[in-house]
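First up is the structure itself, then whatever we jot down about it.
The values are calculated or read from the model by the stated rules, or taken from the named source; none is laboratory data. Because the structure is predicted, anything quoted here is derived from the model rather than measured. All Cβ positions, glycine included, derive from the backbone under ideal geometry; neighbour counts span all protein chains shown.
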Amino acid sequence: MRVVVPVSGSDPKTRLADVLDADERLAFTEAMLGDVVETLAAAGHAPEVVATAAVDCPAPVTVDERPLDPLINGLLADAAGALAVVMADLPLLSGDAVERLFAPDADVVLAPGLGGGTNAFVCRHPDFRVDYHGASIRDHRRIAREIGADLVEVDSRRLATDIDEPADLAEVLLHSDGRAADWLVDAGVELAFEDGRVGVTRN
Ligand SMILES: Nc1nc2c(ncn2[C@@H]2O[C@H](COP(=O)(O)OP(=O)(O)OP(=O)(O)O)[C@@H](O)[C@H]2O)c(=O)[nH]1
Ligand SMILES: C[C@H](OP(=O)(O)O)C(=O)O
């Protein structure tokens, strides 16, 4: 199965700007991307990275400047068979979570993200298309229903944990020991405890 990892290589992760400057956000994006493609490869897949600008990572990279929806919908329209899309900001991804994503033999398999996004999908239906942003999981359920596809959702915390906001960085420090976690430690990002909820601080 074709497995695509889309990544923004141009001013990525703007919602982390309070903690990381622009160069750091690109470097951290590459670290998360490295975790994702290594986990996919270790699980027996051959991930292809599609980036808006050149990125450094241990997998083949194609540069394609199209925004997310036209990019993925173009890939879906051209797909000869099944297509999987796994986002690049999932540094907690594990082999077990990857196995659970690929296990169901459904037309459409969706992995919801915290906050309403769609962190990964597998598509075996010719008419499925994406509509990312703005609680996209609801749109993707609706689209699957409208085309009569059978749909399975994967309930996995490791697939659901996308890193969007500074508080999400705590999840990386708490639950991963990969490239992204190492990068944060080297950058001086540490856990901070306030109001009973864990966050991060930078020294
Ligand atoms: N190829 C490609 N990937 C994208 C694009 N926009 C976002 N992505 C990737 O899609 C995933 C989800 O992206 P978002 O979290 O919505 O965007 P982001 O740029 O990472 O972060 P923000 O600037 O904070 O919204 C991440 O893996 C991004 O790198 C795009 O236009 N093209
Ligand atoms: C691409 C987008 O990511 P989010 O901004 O929700 O992390 C989505 O999954 O719809």
Criterion: surrounded by fewer than 19 Cβ atoms within 10 Å (Cβ to Cβ), part of a loop (DSSP other than H, G, I, E, B) and more than 16 Å from ligand 1 (Cβ to nearest atom) - qualifying residue of Ala80, Ala54: Ala80
Matching entry among Ala170, Ala144, Ala106, Ala88 (being over 19 Å from Leu40 (Cβ atoms), in contact with a strand residue (DSSP E or B) (Cβ under 9 Å, 6 or more places away or on another chain), touching a residue at least 24 places away in the same chain (Cβ under 8 Å) and assigned to a loop (DSSP other than H, G, I, E, B)): Ala106
Criterion: out of contact with any strand residue (DSSP E or B) (no Cβ under 7 Å at 6 or more places or on another chain), of a type in the set (Asp, Glu) and more than 19 Å from Met32 (Cβ to Cβ) - qualifying residue of Asp186, Asp131: Asp131
Inter-residue pairs, beta-carbon under 7 Å, first modelled with pLDDT of 95 or more and in segment 60-85, second in a helix (DSSP H, G or I) and within 13 Å of ligand 2 (Cβ to nearest atom), 6+ apart: Asp64/Leu71; Val85/Ile72
Options Asn119, Asn73; residue that is over 30 Å from Asp182 (Cβ atoms), out of contact with any Phe, Trp or Tyr (no Cβ under 9 Å at 6 or more places or on another chain) and among the polar types (S, T, N, Q): Asn73
Residue list for segment 109-139, filter: part of a loop (DSSP other than H, G, I, E, B) and in contact with a Ser or Thr (Cβ under 9 Å, 6 or more places away or on another chain): Gly113, Leu114, Gly116, Gly117, Val130, Tyr132
